[in-house]
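A.B. asks: Starting off with a structure, shown below.
None of the figures in this text is laboratory data; all of them are computed from the coordinates on show. Bear in mind that the values here come from a model prediction, so they are computed numbers and not experimental data. In this analysis, Cβ positions are derived from the backbone assuming ideal geometry, glycine residues included, and neighbour counts consider all displayed protein chains.
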Amino acid sequence: MLIQRPADIPPSEITPPELYARRREFLKTTAALGISALLPGAWREVWAAAPADDLKPTPYKDITSYNNFYEFGPSKTDPAEYAGSLKTKPWTVTVEGHCEKPGQYALEDFLAPHSPEERIYRLRCVEAWSMVVPWLGIPLSKILPRFQPTASAKYVEFTTLLDPAQMPGQRTRLLDWPYLEGLRMDEAMHPLTLLATGLYGKELPNQNGAPLRLVAPWKYGFKSIKSIVKIRFVEQQPRTTWASEGPSEYGFYANVNPEVDHPRWSQKRERRIGELFRRDTLPFNGYAEQVAGLYTGMDLRKNY
Ligand SMILES: Nc1nc2c(c(=O)[nH]1)N[C@H]1C(S)=C(S)[C@@H](COP(=O)(O)O)O[C@H]1N2
Ligand SMILES: [Mo]
């Protein structure tokens, strides 16, 4: 049986091995429904008529085996293979900068008295793939006030652990270590912003950023810094890893914006891991209603 491919889907979009099984499933379903899966127009329609599964969680196996965590190597499979060497207990979070209560906090104290809640969020990587992750986490807005940031705290800077003994990627010059990220104070205090400690109801696997990882779902995945050891309240917009590596490719804001292409590829569409067809990327990754107001008056083509 010859399977025709819609012309606008390059082979690279449909070849990942994890998709083969689902593709077969899809063809079986369409056959059972008596629809010719071989007509691109027809299978498009079938797909469009599929129930809204926009927040159907990506399988656990995919979320924990297809990762970006350069501290353990540049390929998507490196983190699952090598992050086992990271020791996450005990873990200390240092709080510094413009606040009344700086200090070093054992992770449990840092998070107390809050307990993690489940939040199912879309995650959109700048590389144009996406997932849906059922996080366990605590809104950052519940945690930060305890340190009493002062009026000079305009931004929050986050730092990943620096320990080449535990993180083999840090023995190379892949990035300028440690990995750094930042949010403007109002972004950090937005109710959608989480500090994740788990996923699928379990402890966060190392490859996903154990024991503490940022999640700001309206931004590209690289903003969600993993294995955080330091939070610093600063007055100036902090330097961030990807914006320093490639200022023309990655900005500080990194809001998901289908209208602003990455210089080397389009951001209009994305491939949801586990799905056959690409889908349209939504402004702010689908969270525009909640967050667009943070950016009124800003030119989001310039401030990408
Ligand atoms: N410390 C650190 N954090 C990181 C990265 C990294 O390389 N190092 N990669 C980022 C990128 S590019 C993405 S897309 C997400 C991927 O998260 P996931 O592996 O849990 O899907 O983590 C982000 N956080
Ligand atoms: Mo990413």
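A.B. asks: Do we have any residue at all in region 196-208 that's more than 16 Å from ligand 2 (Cβ to nearest atom) and closer than 19 Å to Lys154 by Cα?
C.D. replies: No - not one qualifying residue is present in region 196-208.
A.B. asks: When you scan region 95-128, how many residues do you find that are away from ligand 1 (no atom under 16 Å from the Cβ), in a loop (DSSP other than H, G, I, E, B) and among the acidic types (Asp, Glu)?
C.D. replies: 1
A.B. asks: Scan region 134-141 and give yes if some residue there is assigned to a loop (DSSP other than H, G, I, E, B) and not basic (Lys, Arg), otherwise no.
C.D. replies: no
A.B. asks: Continuing with this model, one more query. Considering every residue within region 163-186, establish whether at least one is over 30 Å from Arg264 (Cα atoms), assigned to a loop (DSSP other than H, G, I, E, B), within 15 Å of ligand 1 (Cβ to nearest atom) and out of contact with any Leu (no Cβ under 8 Å at 6 or more places or on another chain).
C.D. replies: yes
A.B. asks: A further question on this structure: Which one of the conditions (1) within 16 Å of ligand 1 (Cβ to nearest atom); (2) over 14 Å from Thr197 (Cα atoms) does Gly137 fail to meet, given that it meets all the rest?
C.D. replies: (2)
A.B. asks: Among the residues of region 119-159, what is the count of those that are under 22 Å from Ala243 (Cα atoms) and touching a helix residue (DSSP H, G or I) at 6+ places or on another chain (Cβ under 7 Å)?
C.D. replies: So the count comes out to 8.
Each row is one residue, and each column tells you yes or no for (1) buried (at least 20 other Cβ atoms within 10 Å of the Cβ); (2) within 16 Å of Ala128 (Cβ to Cβ); (3) of a type in the set (Lys, Arg); (4) away from ligand 1 (no atom under 14 Å from the Cβ).
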| residue | (1), (2), (3), (4) |
| --- | --- |
| Asn206 | yes, no, no, no |
| Arg213 | yes, no, yes, no |
| Ile225 | yes, no, no, no |
| Val229 | no, no, no, no |
| Gln236 | no, no, no, yes |
| Asp261 | no, yes, no, yes |
| Arg264 | no, yes, yes, yes |
| Asp280 | no, yes, no, yes |
| Tyr295 | no, no, no, yes |
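A.B. asks: Something else: Could you list, in sequence order, the residues of region 272-295 that are aliphatic (A, V, I, L, M) and free of Cβ contacts under 8 Å to residues at least 24 places away in the same chain?
C.D. replies: Ala292
A.B. asks: Quick one: count up the residues across region 126-165 that are surrounded by fewer than 20 Cβ atoms within 10 Å (Cβ to Cβ), within 16 Å of ligand 2 (Cβ to nearest atom) and among the polar types (S, T, N, Q).
C.D. replies: Counting residues in region 126-165 that are surrounded by fewer than 20 Cβ atoms within 10 Å (Cβ to Cβ), within 16 Å of ligand 2 (Cβ to nearest atom) and among the polar types (S, T, N, Q) gives 0.
A.B. asks: Taking only pairs six or more apart or across chains, which ones have beta-carbon atoms under 8 Å, a first residue in region 189-218 that is over 18 Å from Ser141 (Cα atoms) and acidic (Asp, Glu), and a second residue that is within 12 Å of ligand 1 (Cβ to nearest atom) and not in a strand (DSSP E or B)?
C.D. replies: As it stands, the answer is Glu203/Ala210, since those pairs meet every condition given.
A.B. asks: Filtering region 216-236 down to residues that are touching a Ser or Thr at 6+ places or on another chain (Cβ under 7 Å), among the hydrophobic types (A, V, I, L, M, F, W, C) and more than 13 Å from ligand 2 (Cβ to nearest atom), which residue is farthest from Leu183 (Cα to Cα)?
C.D. replies: Step by step, filter region 216-236, then rank; the result is Val229.
A.B. asks: Go through the residues of region 173-184 one by one and say whether even a single one is under 18 Å from the mean Cα position of the chain (by Cα) and of a type in the set (Phe, Trp, Tyr).
C.D. replies: yes
A.B. asks: Determine the pairs where a residue that is closer than 14 Å to Pro139 by Cβ, located within region 112-125, has a partner that is part of a loop (DSSP other than H, G, I, E, B) and not aliphatic (A, V, I, L, M) with Cβ atoms under 9 Å apart, the partner being 6 or more residues away or on another chain.
C.D. replies: Note: pairs meeting the criteria are Glu118/Gly201; Arg119/Pro217; Tyr121/Pro217; Tyr121/Tyr287.
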